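Each reported figure results from applying straightforward, stated rules to the coordinates on display, with no laboratory input. Source: prediction; values computed, not measured. FYI the Cβ positions are ideal-geometry reconstructions off the backbone, even for glycines, and counts take in every protein chain you see.
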Number of protein chains: 4
Amino acid sequence: MRPGFTFATDLTVRFSETDAQGVVHNAVYLVWFEIARIDYLARFRDGYPGLRADGLEALTLEAHVRYRAPARFDDRLRVYARCGDLRGARFRFEYEIERGEEIVADGWTAHAVVDAELLRPTRMPGWLAEAIRDAEATAE
Amino acid sequence: MRPGFTFATDLTVRFSETDAQGVVHNAVYLVWFEIARIDYLARFRDGYPGLRADGLEALTLEAHVRYRAPARFDDRLRVYARCGDLRGARFRFEYEIERGEEIVADGWTAHAVVDAELLRPTRMPGWLAEAIRDAEATAE
Amino acid sequence: MRPGFTFATDLTVRFSETDAQGVVHNAVYLVWFEIARIDYLARFRDGYPGLRADGLEALTLEAHVRYRAPARFDDRLRVYARCGDLRGARFRFEYEIERGEEIVADGWTAHAVVDAELLRPTRMPGWLAEAIRDAEATAE
Amino acid sequence: MRPGFTFATDLTVRFSETDAQGVVHNAVYLVWFEIARIDYLARFRDGYPGLRADGLEALTLEAHVRYRAPARFDDRLRVYARCGDLRGARFRFEYEIERGEEIVADGWTAHAVVDAELLRPTRMPGWLAEAIRDAEATAE
């Protein structure tokens, strides 16, 4: 595990994720960040589907990607994710995408928990905030 | 207007729609069919958003594409669409995609109107069936 | 293994693959067919990347999907794939997508091997045709 | 025209761009930024396709999005774009996406011109740098 991270998810680049430059399209990295984020949360109770079942949603407020080396079809990638900056409804994820030893991209996303109907900010449920803090506390 | 069609919608190929073969990815054609279908219906009252506001949905039951010439980034395409085979909840769209005189692809999709909550088949609203029949009656 | 199939690949529905109907968008199934097709071929020498390294490409000529039950976010799906109708440059894949015991969709795609530069039909390499026939011969 | 911008491109939200939250998926905004960027450049000689024909490519180095209000199916959006910070191979685009008077999102992307073969940074062609500076000089 990469220092500073306690979680990673693996994926293989799909052909449909490439573009006519022969590399992965720049928007796809946000899809990968989301996959890692959902997998990260899936370890706690019912994760993101559980949050949605509780009438809550997690909105994405901001997203940032640094593209450091082009990813290509069939590449085996590891997406590291960590969660922090939990304050009320807000939280933030950071990511690093690696191909073997090489960093392909990094970035972060900022989020808010909202009620699913009116999309008003709502404090993150205690069980989830605690589970995230516990998980991150084990990072080296 | 191409014989047999009374409606067409124009689009320009997006860079994100291409893949590492340098041409448009095969799944994108179903997105284009849907755009033409929604634009086609938009001429009648509130079209597809109106159908959804009425608590109805249109499900896609089947889809077929014949790829006849590769489409490329920045191509200007015209997507012809016609609707027929209206029977109860069912209807069917046919499409032809052209780049100038050249046929790039053709295909069809089969659909059913359902109530949005339980997804049970529901007869197409009379105002919509009539509007479609009237529109298609003008085809040469 | 489902009768008639010797190969399947597993995937989990991504949140980005859903649409505002709350189910998977109809174009995504062609992406899943492609994933199964590429995984299927990956068992033989270098599979599809190997084909591309040899200066060959596989074009999709036709695609067909029957949507039988909506797939939803986080569903665990199994995509069965088999290859047949090998004639010269042409070949055909058939697919079934299942969620547990339930069939979510089925369909097929038709393809041609072409040289990557001029996109002219080229007989499928003997090693690949043989490997496919051997693999399918084990189907029950 | 919005103060500070000399260019905008219009688009209508596609159904395929929504997700099961009922709003546009967060990765789609990068696709829209790219559409505006390509339309922006299309005004100068042959734009981005012309750059590619010259054996050059524009890589995306960094991307940032602030999501300010959810976009929905069928929304009519205007994507404002401006280009600046031209230094050697580097340049930067800024964007604002509006629905009527409301700001839906804003963001920026950083880019480098590279030769298409080896992806090495290459000074932006003089004709393009000049055309961009001339266009931006007219901003209020």
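Taking each residue in C:31-38, count the Cβ atoms of any other chain within 10 Å of its Cβ, then average. What number comes out? Provide the component values of the computation, followed by the final result.
Details: counts 7, 3, 2, 7, 4, 0, 1, 5.
Whole-number average of other-chain Cβ neighbours for C:31-38 is 4.
Could you give me the ³J(HN,Hα) list for the stretch B:65-73, computed from phi with Karplus coefficients 6.51, -1.76, 1.60 and θ = phi - 60°, whole Hz, x at Gly and Pro?
Karplus-based 3J(HN,Hα) across the stretch B:65-73 equals 10, 10, 8, 10, 7, x, 8, 10, 3 Hz.
Averaged across the residues of B:103-110, what count of C-beta atoms belonging to other chains lies within 10 Å of each residue's C-beta? It would help to have the intermediate numbers written out before the result.
Values: counts 0, 0, 1, 0, 3, 0, 3, 2.
Partner-chain Cβ atoms within 10 Å, mean over residues of B:103-110: 1.
Only counting other Cβ atoms within 10 Å, I'd like C:TRP127, D:TRP32, A:TRP108 sorted with the fewest neighbours first.
On the way: C:TRP127 11, D:TRP32 27, A:TRP108 18.
Ordered by Cβ neighbours within 10 Å, fewest first: C:TRP127, A:TRP108, D:TRP32.
Of A:ARG82, A:ARG68, A:ARG37, which has the largest mean-square fluctuation in a 10 Å C-alpha GNM of chain A?
A:ARG68
If you wrap a convex hull around the alpha carbons of the protein assembly as shown, what volume per residue comes out, as a whole number of Å³? Present the calculation step by step, with values, prior to reporting the outcome.
Working: hull volume 95.4 nm³, N = 560.
Cα-based convex hull of the protein assembly as shown, divided per residue, equals 170 Å³.
Give me C:VAL79, C:VAL114 sorted ascending by neighbouring Cβ count inside 10 Å, so fewest comes first.
Numbers: C:VAL79 25, C:VAL114 17.
Listed from fewest to most nearby Cβ atoms, that is C:VAL114, C:VAL79.
Given H placed 1.01 Å from N in the peptide plane, which residues other than close sequence neighbours of A:PHE7 have an amide H under 5 Å from its amide H?
Amide H neighbours of A:PHE7: A:ALA81.
From zero outward in steps of 10 Å, how is the percent of C-alpha pairs of the stretch D:8-136 spread across the bins?
13, 42, 29, 15, 1
Residue farthest toward the positive end of the dipole of the stretch A:8-137, with Cβ of Lys/Arg at +1 and Asp/Glu at -1: which of A:THR9, A:VAL28, A:LEU41?
So the residue furthest toward the plus end is A:LEU41.
In the P(r) worked out for the stretch B:84-140, what percent of Cα pairs fall beyond 12 Å? Walk me through the numbers on the way to the answer.
On the way: 1148 of 1596 pairs.
Everything past 12 Å amounts to 72 percent.
Provide a whole-number value for the mean count of partner chain Cβ atoms within 10 Å of the Cβ atoms in peptide A:85-94. Don't skip to the answer; put the middle values down first.
Working: counts 0, 0, 0, 0, 0, 0, 0, 0, 0, 0.
The per-residue average across the peptide is 0.
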